Structure formats: C-alpha cells, structure tokens
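In what follows, a structure is listed as structure tokens, so that the remarks can point back to it.
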Amino acid sequence: MSEVIVITSGKGGVGKTTTSANVGTALALQGKRVVLIDADIGLRNLDVVMGLENRIVCDLVDVVEGRCRLNQALIKDKRFEGLYLLPAAQTRDKNAVSPEQMKKLCDTLREDFDYVLVDCPAGIEQGFKNAIAGADRALIVTTPEVSAVRDADRIIGLLESNGVSNMHLIINRVRMHMVKRGDMMAVEDVVGFLAVGLIGVVPDDENIVITTNKGEPATAEGTSLAGKAFRNIARRVLGEEVAYIDLNTSHNIVDRIKKVFGFSN
Amino acid sequence: MGRLDLSSLFGKKNNKSSEVAKDRLKLVLIHDRMNCSTELLEMMRTDILAVISKYVDIDTEELNIQISNMEYEEDGKKAPIYLQIFLLKI
C-alpha cells in the first residue's frame, strides 16, 4: 500500500525541496503517515525549510552505517500529526550511501509509513542514483524555462532507463501575467515538450519566500495560492481528481479590479 | 554542433520571448534526445560522404547536416534530418 516517491528535477533551484516539504506536509494533513527523506547528502536543506534544523540528533548516513537506530534519527514534526523527517548528513558526500542501502532504507520505512518522500539532489550523478533507487514513482519539478525543461527531459529519460516509469510533472513558479504577455512558456507548452502527465501547477508566490524564512511549510496556512496548489498536488497523489486553480484570478490587483469592472479578457 | 543550422531560430520574426524560448528548447531537446556526440556526428559525416562518393563526385569539404525543427512532429518524437551535398560535375 505504501509508496516511495522521489521528488527530482535535474536542475538545481527549481523547487524540489520546497515541493517535498509542502507535498509531504499536505499529505500528513490528509491524515497520512509521511516521512521525508533528505537525500541531498552534503547539502542538506530540507531540515531548514521544514524548520526542524535544531532537532537533528543523527542523520541518514548514521542510520545506514549503523551508528544509530532509524527511530532515533527520525524527527517527529510536532506541528503535523504523522509527519517525520530523516535528515541528510551535512559533513559527508553523496558516495557515503549506495543505491542498495537506500533501497533497503526505503523498504524499511515502507512498513511504517503510507508515503516515503525522497528529496533528490540536483544533478544526475551518484546522489540522483541513490535517491531514485527505492522509488515507486517520481514527481518531476520544473519551471517554465529552457534550462529547467531541458534538464527535466534528461531526468525523464534517466528515470525510464532506471525502471521508474510512473512519473508526473509539477510546473513550479508560473507567472501568469508573464505567460499572458508572451514572456513565459505556458503550462501546455512545457507539458507538450516533456510528454509526461501533469500533476500540479504552482504559481510563483511571495508567500513561499516568507514561509521558508520562518521554516513553516506554505501549505499549512490556508491563504497562499502556492500553498493551495501544493495541497491539490497531495490530493492528486492520493488519486483524487482535483480541478486546477485558475491562476488568472488574484494574481495582481490591477487585473482583479479590471475583472470586477468587466474589462478583463 | 557547428554544422547545425541555427538560422531557423533567428529567421522567424518573433518578438515574444516565450516563442523564442520554445524554438530554442525544441532544438536543444532534439539534440539531447539524439544523444549524439560531436565525434559521432563527425563519423556519420565521414561515412555518408564515403558512401555517396562511391557513386558520384561530390565536394567532400562541404556537407551540411541539418536537424530541422520546422516539421517537428506534434508528439515530439520525430524530427527530420536534412543532408545538403554538393555535386562537383554535372
């Protein structure tokens, strides 16, 4: 029943960690038992995004190398019932773990959790191979930019050749006003290039910066549009059919006023 | 890389940057998906020239291999390769 999901992108800085934190939180809010694994060994970040950096006792590498037990390393998020984090080691590198060890770890966690979310490091080297080793499915995060879509295409090929064929696309940081004026590729364009099923469209949202500053997942508070988009992704992961948010509304105040007065197109 | 015709990128008058992005992305993806190294392209070029020059006299210095995005298939799976070869004596 339980699923191991890797969140990956190829390119760095497109929102893998933010997506992992928010989709994980949203799944926990849906009543699921969720563990987030930070597979970015050497550059750990999921702990700070989640606001759990002060609670780390031991990490993924300690567990794999047998220096501590799994349940000692798992940090329970007290704000969200059923949400746990397994932090990455900061002082080691990506070769500290092998794909076999990672697969074994995922399988052990499977017994205890409904969802195991693996936050994959950027790149296509060892860290990527480790992160996908135990995965049943993948969420590919990209942004509507040439470089990010190109890297996503590469990742899709690598996932296929590594036997992870269940994959879905999340298009992050969409700026509707730029799409409208023809200065950003539209969601349909990106989906067309990559030919992978869409599971989420997340608007570029200042709230992400604000909530990340505070170490609180945006999806936990009800108001932000990006937070809502992440909650919708979680529901789609659970198999629900959820309509896509109309990103044309509430994007900027001028458009909203125009719409009220019927000037909008 | 150098042999690829990039003129299709700049030939079209497009003031929308998203269109420019899409055109560039198309070519980049065709290239990436071909998984074709520069050495491989060079080998391909040499072989093609060798085969054709068995039958006709051609200019072995000049051969254009173009991967076109103009007739790029909707599903993104097919793109034509054009070869431009110059005959020496007609």
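The values are calculated or read from the model by the stated rules, or taken from the named source; none is laboratory data. Only a predicted model underlies this, so the values are computations on that prediction, with no experimental measurement involved. Glycine gets a Cβ as well: all are built from the backbone with ideal geometry, and neighbour counts include every protein chain shown. For accessibility, only protein heavy atoms count, side chains too; no ligands or nucleic acids. Shrake-Rupley method; radii C 1.70, N 1.55, O 1.52, S 1.80 Å.
Below is a table of values for the structure above.
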{"quantity": "Spans of helices (runs of 4 or more DSSP H) in segment A:1-92 with at least 2 residues touching a Leu at 6+ places or on another chain (Cβ under 7 Å) and closer than 14 Å to A:GLU216 by Cβ", "calculated": "A:16-29, A:46-50"}
{"quantity": "Lone qualifier among A:GLY10, A:GLY15 - being within 16 Å of the chain's Cα centre (by Cα) and at pLDDT below 95", "calculated": "A:GLY10"}
{"quantity": "Sole residue being surrounded by fewer than 14 Cβ atoms within 10 Å (Cβ to Cβ) and closer than 24 Å to A:LYS11 by Cα, chosen from A:ASP93, A:ASP119, A:ASP107", "calculated": "A:ASP93"}
{"quantity": "In segment A:159-180, residue nearest to the other protein chains (Cβ to nearest Cβ) [restricted to those that are in a strand (DSSP E or B) and either within 17 Å of A:ALA148 (Cα to Cα) or more than 16 Å from the chain's Cα centre (by Cα) (or both)]", "calculated": "A:VAL174"}
{"quantity": "Condition met for A:PHE113 (among the aromatic types (Phe, Trp, Tyr) and part of a loop (DSSP other than H, G, I, E, B))", "calculated": "yes"}
{"quantity": "Among (1) buried (at least 20 other Cβ atoms within 10 Å of the Cβ); (2) more than 27 Å from A:ILE233 (Cα to Cα); (3) of a type in the set (Lys, Arg) - the single one A:ARG55 does not satisfy", "calculated": "(1)"}
{"quantity": "Pairs, first within 7 Å of chain A (Cβ to nearest Cβ) and touching a residue at least 40 places away in the same chain (Cβ under 8 Å) in segment B:19-30, second part of a helix (DSSP H, G or I) and open to solvent by 50 Å² or more (accessible area, probe 1.4 Å), C-beta under 8 Å, six or more apart", "calculated": "B:LEU29/A:ARG150"}
{"quantity": "Residues located in segment A:181-193, provided they are assigned to a helix (DSSP H, G or I) and either within 8 Å of another protein chain (Cβ to nearest Cβ) or without any contact (Cβ under 8 Å) to a residue 12 or more places away in the chain (or both)", "calculated": "A:GLU188, A:ASP189, A:GLY192, A:PHE193"}
{"quantity": "Any pair with Cβ under 7 angstrom, 6 or more apart, that starts in segment A:194-222 at a residue that is touching a residue at least 24 places away in the same chain (Cβ under 8 Å) and polar (S, T, N, Q) and ends at one that is open to solvent by 60 Å² or more (accessible area, probe 1.4 Å) and assigned to a helix (DSSP H, G or I)", "calculated": "A:THR219/A:ARG231"}
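Yes/no matrix, rows are residues, columns are (1) buried (at least 22 other Cβ atoms within 10 Å of the Cβ); (2) closer than 17 Å to A:VAL118 by Cα; (3) in contact with a helix residue (DSSP H, G or I) (Cβ under 9 Å, 6 or more places away or on another chain); (4) of a type in the set (Ser, Thr, Tyr):
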{"site": "A:LEU70", "(1), (2), (3), (4)": "no, yes, yes, no"}
{"site": "A:PHE80", "(1), (2), (3), (4)": "no, no, yes, no"}
{"site": "A:LEU85", "(1), (2), (3), (4)": "yes, yes, yes, no"}
{"site": "A:ALA88", "(1), (2), (3), (4)": "yes, yes, yes, no"}
{"site": "A:GLU100", "(1), (2), (3), (4)": "no, yes, no, no"}
